[in-house]
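Here's the structure we're looking at; comments come further down.
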Amino acid sequence: MKRFSNLHSNLLYNLQYHKLELQRDIERNPNTAFQHINQISNFVGARANVSIQLHFPNSSKIIDVDSYGTENIGIVLNKFKKTFPIQRDIIKKAAKEMLGDVTTQDAYMYEGKEGLKIIMKDGRIEILPGSVHIWCKVSEDISRFMDWLMDTIYFQEMSS
């Protein structure tokens, strides 16, 4: 199933649908635009029973309405989950197979929690048992990897 691809397409559709409003918001007040972006993200996420957050690590990027939803996306599925349902090495192997030349490393390993970072030449993906944060442009390869993550980690209880 293409859970991420469907969610991402829905997010992009809704952002595009509201593009003119968002452009007007930017001209008036970037904070208003940010609130509107969050409303749209919350709407899309709520329909899929997840929380979607669009991040702007470079605050000047908020004026680039066309980039909304194409990069720097956080998806929270269960903020209380501490461990993966599969071994981290399986995730690392899948990342290398699907994303190519990447570096994988354990991250956020404290208080019984686990996580991974997938480092690419143009960004990174931070994978936690209950959330994933995409700090790069979403490409076809990243969408395919995210679909695999959704089915294998985040929604695996539902498919078994």
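The values are calculated or read from the model by the stated rules, or taken from the named source; none is laboratory data. Values in this document were obtained by computation on a predicted structure and should not be read as measured data. We place every Cβ from the backbone using ideal geometry, glycine too, and count neighbours over all the protein chains shown.
To keep it simple, each residue is scored yes or no on (1) modelled with pLDDT of 95 or more; (2) of a type in the set (Lys, Arg); (3) closer than 30 Å to GLU111 by Cβ.
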{"residue": "GLN23", "(1), (2), (3)": "yes, no, no"}
{"residue": "HIS36", "(1), (2), (3)": "yes, no, no"}
{"residue": "ILE52", "(1), (2), (3)": "yes, no, yes"}
{"residue": "PRO57", "(1), (2), (3)": "no, no, yes"}
{"residue": "SER60", "(1), (2), (3)": "no, no, no"}
{"residue": "VAL76", "(1), (2), (3)": "yes, no, yes"}
{"residue": "ASP89", "(1), (2), (3)": "yes, no, yes"}
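Can you tell me which residue among LYS82, LYS137, LYS121, LYS92 is of a type in the set (Lys, Arg), without any contact (Cβ under 8 Å) to a residue 40 or more places away in the chain and surrounded by fewer than 18 Cβ atoms within 10 Å (Cβ to Cβ)? Can you show your working first?
Numbers: LYS82 fails: without any contact (Cβ under 8 Å) to a residue 40 or more places away in the chain; LYS137 fails: without any contact (Cβ under 8 Å) to a residue 40 or more places away in the chain; LYS92 fails: surrounded by fewer than 18 Cβ atoms within 10 Å (Cβ to Cβ).
The unique qualifying residue is LYS121.
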Log entry, pairs with first residue in the stretch 97-118 being polar (S, T, N, Q), second being in a strand (DSSP E or B), beta carbons closer than 6 Å, six or more apart or on different chains, reads THR103/ILE119; THR104/ILE118; GLN105/LYS117
Filtering the stretch 140-159 down to residues that are crowded, with 19+ Cβ neighbours inside 10 Å, at pLDDT 95 or above and closer than 12 Å to ARG3 by Cβ yields MET146, ASP147, LEU149, MET150
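Name the residue, out of VAL102, VAL65, that is assigned by TED's automatic domain parsing to the domain that holds ARG24 and over 17 Å from the mean Cα position of the chain (by Cα).
On the way: VAL102 fails: assigned by TED's automatic domain parsing to the domain that holds ARG24.
The conditions single out VAL65.
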Cβ-Cβ under 7 Å pairs, at least 6 apart or on other chains, the stretch 1-20 side on the phi < 0 side of the Ramachandran plot, far side at pLDDT below 95 and not in a helix (DSSP H, G or I): ARG3/PHE155; LEU7/ALA48
Here the qualifying pairs (Cβ atoms under 9 Å; residues six or more apart or on different chains; first in the stretch 60-73 and closer than 13 Å to CYS136 by Cβ; second aromatic (Phe, Trp, Tyr)) come out as GLU71/TRP135; ASN72/PHE56; ASN72/TRP135; ILE73/TRP135
Has the stretch 22-41 got any residue that is surrounded by 18 or more Cβ atoms within 10 Å (Cβ to Cβ) and closer than 30 Å to GLU114 by Cβ? yes
